[in-house]
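Everything on this sheet refers to the single structure shown next.
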Amino acid sequence: MAKRKAKKVTTTSDDIPLVGKAIDLAPDLQRILAPNASPMTGWGTNTYIIGDREVVIIDPGPDDTAHLAAILSALKGRHVSRILVTHSHIDHSGLASTLSGATSAPIAAFGDSRAGRSEVMSDLIARGLATGGEGVDHAFTPDQTLADGQIIDGSWGRVTAIHTPGHMANHMCFHWNEIIFTGDHVMGWASSVISPPDGDLTQFMLSCKKLAVIPCAGFLPAHGAPIETPAERLEWLLAHRYARESQILSRLEEGAATISELTDSLYCDLSPGLRAVAQRNVFAHAIDLTVRGEIVPKPDLRFDAKYQLFKAQDVE
Ligand SMILES: [Zn+2]
């Protein structure tokens, strides 16, 4: 099968693209922006189409009639072989089943919204920790489940699925030619939200390191502009998390603290609307540090526990 090499992804600015218009980013590669801009989604969800006669769609986007019409119009009658979904947040998977009905293409993803959860998150859920309201698509059921490293060959070339849990446990990135479609794992406009129990910081850091060793020319995120310096972007993401971690550890040097107290000392001038998101983020770090044995929650691992440095506890 002839393998075409995608030329460098062309983008000249971060100007917000027109909603609903199919943009050619490279040969056999189009992007369509969905009409769902918001503080959580940046300029909205990017839907990608790869291939020529026969195509693969990555992230159908939100359940929106205008976006469905835009995708069908961009297809110009081309056959859709598969609908790939990076993860089951509704701004990515919401349109999947309708698009599948309209194109007869199967939906492929790592699994449903519970798939890929780590032991610590499964345990927190079993003990009653609820999802933080990030728009989990609980009804999402792919027709085909993809394993880490699974290859999908066709006239579009070769797509390799990479399991990248962290933002969500069932998150996958898709490697095609010299590009990696990074979903919400690496975004073009902000760092990813990691909100337990669906978000797992320990997994997120491992997934960043997993992507870092795959040679590629650029990332195409589900939100925001193409990332042309992928290695630097991953380094920045890791550094950003390590910086937050050391802030938490320094605060705990002064004494034990709850998630709420840690949030107050780490974030200045938080608007009330962002406080819950910030607390979830701090909790993600607290779980990660607990799993790694750096800190100890009392009485046990939970949102309202008191956390202290491991070395500070009395060893009996
Ligand atoms: Zn997401």
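No value in this document is a laboratory result; all are computed from the given coordinates. Source: prediction; values computed, not measured. Backbone-built Cβ (ideal geometry, glycine too); neighbour counts: all protein chains shown.
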>> With the requirement that a residue be assigned to a loop (DSSP other than H, G, I, E, B), on the phi < 0 side of the Ramachandran plot and within 23 Å of the chain's Cα centre (by Cα), what does segment 45-66 give you?
In response: THR45, PRO60, PRO62, ASP63, ASP64
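Residue by residue, here is whether (1) in contact with a Pro (Cβ under 8 Å, 6 or more places away or on another chain); (2) within 26 Å of ALA126 (Cβ to Cβ); (3) crowded, with 19+ Cβ neighbours inside 10 Å holds:
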site	(1), (2), (3)
SER260	no, yes, no
ASP264	no, no, no
GLY273	no, no, no
ARG280	yes, yes, yes
ALA286	yes, yes, yes
GLU294	no, yes, no
PRO299	no, yes, no
LYS306	yes, yes, no
>> Can you say whether ALA256 is farther than 23 Å from SER88 by Cα, crowded, with 17+ Cβ neighbours inside 10 Å and not basic (Lys, Arg), as far as the supplied structure shows?
In response: yes
> Does segment 12-31 include one or more residues that are farther than 27 Å from ASP148 by Cα and touching a Ser or Thr at 6+ places or on another chain (Cβ under 8 Å)?
Replying inline: yes
>> Residue under question is TRP189, and the condition is that it be exposed (fewer than 14 other Cβ atoms within 10 Å of the Cβ) and either aromatic (Phe, Trp, Tyr) or under 19 Å from MET40 (Cβ atoms) (or both); does it hold?
In response: yes
> Can you pull out the residues in segment 254-310 that are under 18 Å from GLY128 (Cα atoms) and of a type in the set (A, V, I, L, M)?
Replying inline: ILE259, ALA276, ALA284, ALA286, ILE287, LEU301, ALA305
> Of everything in segment 190-249 that's within 15 Å of the ligand (Cβ to nearest atom) and among the hydroxyl-bearing types (Ser, Thr, Tyr), which residue is farthest from ASP264 (Cα to Cα)?
Replying inline: SER207
> For GLU119, are the conditions met, namely being surrounded by fewer than 16 Cβ atoms within 10 Å (Cβ to Cβ) and within 25 Å of SER207 (Cα to Cα)?
Replying inline: yes
> When the residues of segment 137-171 are filtered to those that are free of Cβ contacts under 8 Å to residues at least 24 places away in the same chain and among the β-branched types (Val, Ile, Thr), which remaining residue is nearest to the ligand (Cβ to nearest atom)?
Replying inline: THR160
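What's the total number of residues in segment 85-122 that are hydrophobic (A, V, I, L, M, F, W, C) and more than 15 Å from the ligand (Cβ to nearest atom)?
7
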> Quick one: ARG117 ticks every box in (1) touching a residue at least 24 places away in the same chain (Cβ under 8 Å); (2) in contact with a strand residue (DSSP E or B) (Cβ under 8 Å, 6 or more places away or on another chain) bar one, so which box is it?
Replying inline: (2)
